[in-house]
Amino acid sequence: MLPELKITQLRHFVWVTELKGFHNAAEKACRTQPAISLSIRDLENKLGSKVFEKRNAKTTLTELTPFGKHFLPRAKELIAHHDSVAQDMNLMREHKAGHLRLASVPSIAVRILPDIISGFVADSPNLHISFFDDNSEAVLRKVEKQQVDLGIASLPDVQEHKGLVFTPIWQDHIGVVCHVDHPLAGAQSLDWKDLRQHRLISNGTTRLLADTEAASLMKNSQFFVSNMLSLIALLEAGIGISTLPRFAFPQDNKKLIFIPLSNPQVIRDIGMVYLENKSLSPAAQALHDYILEKS
């Protein structure tokens with residue numbers, strides 16, 4: 001059976017060698033000299049050979065045996081490898097290293113996450129982050145398939161996603177988006193019946209109207225657009241109107257206007273999502289806690 005070498009004993013061996021004596025090694029280790037001698041003796045027993053020549057009673061100097069000279073660079077190599085692994089694990093535990101995989105709905109990715117991520121990584125220069133933005137269903141699938149560690153999305157159907165933990169953080173109100181020159185643009189708020197006379201462009205978030213009295217709007221929409229950039233382009237061209245959560249509305253867009261939908265008043269909860277029976281990685285857990293703290 002191979003000997004099980006203790007890192008502490010290897011350190012004592014190296015210190016005795018480099019500091020030229022047991023007394024100096026004992027001071028560095030904050031131990032007594034007999035304790036260091038016992039540690040070295042136990043190491044020699046495990047190795048099956050002496051590492052130091054028998055000391056002359058008239059001198060405190062130590063001299064390596066041929067076996068000890070051969071073992072010294074290997075002991076240093078073992079210590080260096082141990083310390084490197086321990087440091088990597090410590091950095092990972094403190095979310096300062098490793099790899100974090102995050103997915104979010106575009107509205108939160110654009111509006112809120114940049115400031116959060118900036119603060120989170122301020123003291124974590126070695127943390128690698130893979131960031132994906134997609135609609136809620138795609139984010140939930142990524143979490144379920146373990147393609148990401150943490151998701152930020154809405155959870156419209158709890159029964160369909162039973163294996164997920166959902167922590168609501170933000171509330172997002174649904175409104176109508178249209179061109180600034182559209183006849184509806186001057187309204188302070190709108191009823192769903194006000195929309196029936198206008199061309200509706202539905203999108204992935206329009207399904208939020210599905211369980212409301214405005215559900216018929218979805219069936220009567222002439223266009224369906226899944227990509228947000230394409231949707232905004234059509235709205236800017238004045239082709240029609242659409243419904244969007246407020247967070248999804250482009251803030252600096254001068255061609256479009258957001259009008260609250262007062263009837264029905266639809267609010268979607270957006271929050272953090274992760275697998276129920278899986279522990280989060282240290283970095284993902286740290287981000288989870290950071291978001292809770294800042295929200």
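The values are calculated or read from the model by the stated rules, or taken from the named source; none is laboratory data. What you see is a predicted model, and the numbers here were worked out from it, not measured in a lab. A quick note on method: Cβ atoms are made from the backbone with ideal geometry, for glycine too, and the neighbour counts reach across all protein chains shown.
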Index of the failed condition, Ser84 passing every other in (1) surrounded by 13 or more Cβ atoms within 10 Å (Cβ to Cβ); (2) closer than 30 Å to Gly98 by Cα; (3) among the small types (Gly, Ala, Ser):
(1)
Sole exception among (1) outside the structural domain of Gly204 (by TED's automatic domain parsing); (2) exposed (fewer than 14 other Cβ atoms within 10 Å of the Cβ) for Leu280, by number
(2)
All but one of (1) over 22 Å from Asp115 (Cβ atoms); (2) of a type in the set (S, T, N, Q); (3) surrounded by fewer than 21 Cβ atoms within 10 Å (Cβ to Cβ) hold for Thr243; state the number of the condition that does not hold.
(3)
Flagged in segment 138-160 as touching a residue at least 40 places away in the same chain (Cβ under 8 Å) and either farther than 28 Å from Asn90 by Cβ or of a type in the set (Val, Ile, Thr) (or both), in numbering order, are Val139, Leu140, Val143, Glu144, Val148, Ile152, Ala153, Ser154, Leu155, Pro156
Number of the exception - Glu160 against (1) within 30 Å of Lys294 (Cβ to Cβ); (2) in contact with a Leu (Cβ under 7 Å, 6 or more places away or on another chain):
(2)
For segment 109-147, which positions are in a loop (DSSP other than H, G, I, E, B), of a type outside the set (D, E, K, R) and touching a Lys or Arg at 6+ places or on another chain (Cβ under 8 Å)?
Ser124, Pro125, Gln146, Gln147
Extreme residue, farthest from the chain's Cα centre (by Cα), among residues of segment 205-240 that are loosely packed, with under 15 Cβ neighbours inside 10 Å and among the acidic types (Asp, Glu)
Glu213
Scanning segment 180-198 for residues that are under 30 Å from Gly271 (Cα atoms) and not in a loop (DSSP other than H, G, I, E, B) gives Leu190, Asp191, Trp192, Leu195
Is it the case that some residue within segment 91-102 is of a type outside the set (Lys, Arg), at pLDDT 90 or above and more than 30 Å from Glu18 (Cα to Cα)?
yes
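Here is a yes/no grid of residues against (1) surrounded by fewer than 13 Cβ atoms within 10 Å (Cβ to Cβ); (2) more than 43 Å from the chain's Cα centre (by Cα); (3) assigned to a helix (DSSP H, G or I); (4) in the same structural domain as Ala86 (by TED's automatic domain parsing):
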position	(1), (2), (3), (4)
Leu2	yes, no, no, no
Arg31	no, no, no, yes
Ile40	no, yes, yes, yes
Arg55	no, yes, no, yes
Phe67	no, yes, yes, yes
Arg74	yes, no, yes, yes
Restricting segment 1-50 to residues that are hydroxyl-bearing (Ser, Thr, Tyr) and free of Cβ contacts under 8 Å to residues at least 24 places away in the same chain, the residue that is farthest from Thr65 (Cα to Cα):
Thr32
Where a residue in segment 73-86 is at pLDDT 85 or above and its partner, wherever it lies, is of a type outside the set (Val, Ile, Thr) and assigned to a helix (DSSP H, G or I), with Cβ under 8 Å and at least six apart:
Ala75/Leu10; Ala75/Phe13; Leu78/Leu10; Ile79/Leu10; Ile79/Arg11
Of Leu229, Leu261, which residue is among the aliphatic types (A, V, I, L, M), over 19 Å from Val105 (Cα atoms) and in the same structural domain as Gln188 (by TED's automatic domain parsing)?
Leu261
